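**Q** First, the structure itself, so that you have it in front of you.
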Amino acid sequence: MVRTTFAVAGHPIDGSASPHLFHLVVAHLARRGVKGIDVDQTDSFRLNATQVGEALRALMSGPPQQRSALARAAVDVVRASTETSNEGAGVSLPRDGALWLSLTSPLKHDLGAWDHLDASKDVRSVNTLRVLDGRVEAMSTDGRAVVRVARLLGVSVDSGAVVALRGGGGAARSIAQAWVEAGGRVLPVPGRRALSGLPEDAVATHGAAFGVDVDGGKGHLDAPCVLFPVYRVGDTPRGGGGLTSSEIDGRWMLAAQHLEAWSRCWAPDVAPFLPDLPRLVADLLALEAWLGAGVLDA
């Protein structure tokens, strides 16, 4: 069986929960009977890198295979939360040996000569790569992740709902592009950088139904609830980690990003058998609790 290898790269990277999410999804797919997947044949790594080329070389050089405490804990968490089924028995995880990579700061802007699967080249921001035989497929899941969270909250993005967005970097550009593409409008809020490139008819001046504070800046966003993407594994989740608070924890965006990466880039055939977003967030919180706050080397 071909090993499934995932890594998340950036600097600093120790606080990333992406390996947690990867092993949770693997455990869910195995629980649902998807073929070609084995928790003993999956590896995840955190790659400390300041350039994408550096991360790609480290990933393709074949990091040591390991069966971590994190993978074992993910299996236990999913076993406790999900019934066994064979609904996914008719599909298989790709066995092509592709390497999967998530990018975080400061690598999102370090674009290469890649095949872009979406508008990530236009917004100059990439956070998801799939590498096979020297070919790199790239996309950004930041924007679609935010739209997914907002829809889960009942925000009518498709009907022109307004998002108040603080930030002007790659993640903010991806969020703005996806929000407008879904039918919504954007209320830019001053932050460290100005948000540019919005069509004039997509800019709103008031009436935000949802907010995203990418910059983590000071000052209230005038929206019923605000998503704060920045956090570290072991941090106390905002609002207890639920969706009933006026402050939405960043784990919701990260988990949604991960589901978008699986369904649109890494393994689209298994999309129907992925856990839903609330289940994945609940399992992530359970996994963090199981490992203990601040245990990042698993």
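Every number here is computed from the coordinates shown, using simple stated rules; none is lab data. Model, not experiment: these values are computed from the prediction. Cβ atoms come from the backbone with ideal geometry, glycine included; neighbour counts cover every protein chain shown.
**Q** So how much slack lies between Asp38 and Arg95, counting 0.36 nm per residue of separation and subtracting their Cα-Cα distance, in nm? Don't skip to the end; give the middle numbers.
**A** Details: separation 57, 0.36 × 57 = 20.52 nm, distance 1.15 nm.
Stretched fully, the Asp38-Arg95 segment lengthens by 19.4 nm.
**Q** A further question on this structure: How big is Rg to Rh over region 41-124, alpha-carbon atoms, Rh as the Kirkwood inverse-mean-distance radius?
**A** With Rg and the Kirkwood Rh in hand, the quotient comes to 1.04.
**Q** What FRET efficiency, computed as 1/(1 + (r/R0)^6) with R0 = 30 Å and r the Cβ-Cβ distance, is obtained for Asp158 and Leu117, rounded to the nearest 0.05? If you can, show how the numbers build up before the last one.
**A** Details: r = 22 Å, r/R0 = 0.73.
Computed FRET efficiency for Asp158 and Leu117 comes out at 0.85.
**Q** Further, regarding this structure: Using Cβ counts within 10 Å as a stand-in for footprinting exposure, how do Lys35, Lys108 rank, fewest first? Walk me through the intermediate numbers first.
**A** Details: Lys35 16, Lys108 23.
Ascending Cβ contact count within 10 Å gives the list Lys35, Lys108.
**Q** How big, in percent, is the set of alpha carbon pairs in the chain lying more than 25 Å apart? Mind dumping the intermediate values first?
**A** Details: 20309 of 44253 pairs.
Every Cα pair in the chain considered, those over 25 Å come to 46 percent.
**Q** Moving on. If I model a spin label at Thr84 and Arg135 as a point 7 Å from the Cα along the Cα→Cβ vector, what separation in nanometres do I get?
**A** Going by the 7 Å Cα→Cβ label model, 3.8 nm.
**Q** May I pose another question? Which value in nm describes the separation of the simple spin-label points at Ala271 and Val203, placed 7 Å from the Cα toward the beta carbon?
**A** 3.4
**Q** When Ile13, Ile175 are ordered from fewest to most other Cβ atoms inside 10 Å of their Cβ, what list results?
**A** Ordered by Cβ neighbours within 10 Å, fewest first: Ile13, Ile175.
**Q** A further question on this structure: Along the charge dipole of region 143-252, which of Gly160, Phe210, Val230 sits closest to the positive end, that is, farthest toward it, with unit charges on the beta carbon of Lys, Arg, Asp and Glu (+1, +1, -1, -1)?
**A** Selected residue: Val230.
**Q** Taking the alpha-carbon distance from Lys108 and a cut-off under 20 Å, which lysines remain once sequence neighbours fewer than 8 residues away in the same chain are dropped?
**A** Qualifying lysines at Cα under 20 Å: Lys121.
**Q** Something else now. Tell me, what is the percent relative contact order of region 143-252, built from C-alpha pairs under 8 Å that lie six or more residues apart? Each step should come with its number before you reach the end.
**A** Values: 214 pairs, mean separation 25.3, N = 110.
Relative contact order comes out at 23 percent.
**Q** Right, here's the next one. What is the antiparallel percent of DSSP beta bridges lying wholly in region 110-206, to the nearest 5? Could the numbers behind the result be given before it?
**A** Numbers: 5 of 13 bridges.
Roughly 40 percent of the beta bridges in region 110-206 run antiparallel, per DSSP.
**Q** Taking R0 as 51 Å, what FRET efficiency do you get between Glu247 and Asp110 from their Cβ-Cβ distance, rounded to the nearest 0.05? List each step's numbers first, then the result.
**A** Working: r = 31 Å, r/R0 = 0.61.
The calculated FRET efficiency here is 0.95.
**Q** Also, quick follow-up: If the viscosity is 1.567 mPa s and the temperature 4 °C, what translational diffusion coefficient in µm²/s does Stokes-Einstein give for region 143-252 when Rh comes from Kirkwood over Cα pairs?
**A** Working: Rh = 13.7 Å.
In µm²/s, the coefficient rounds to 95.
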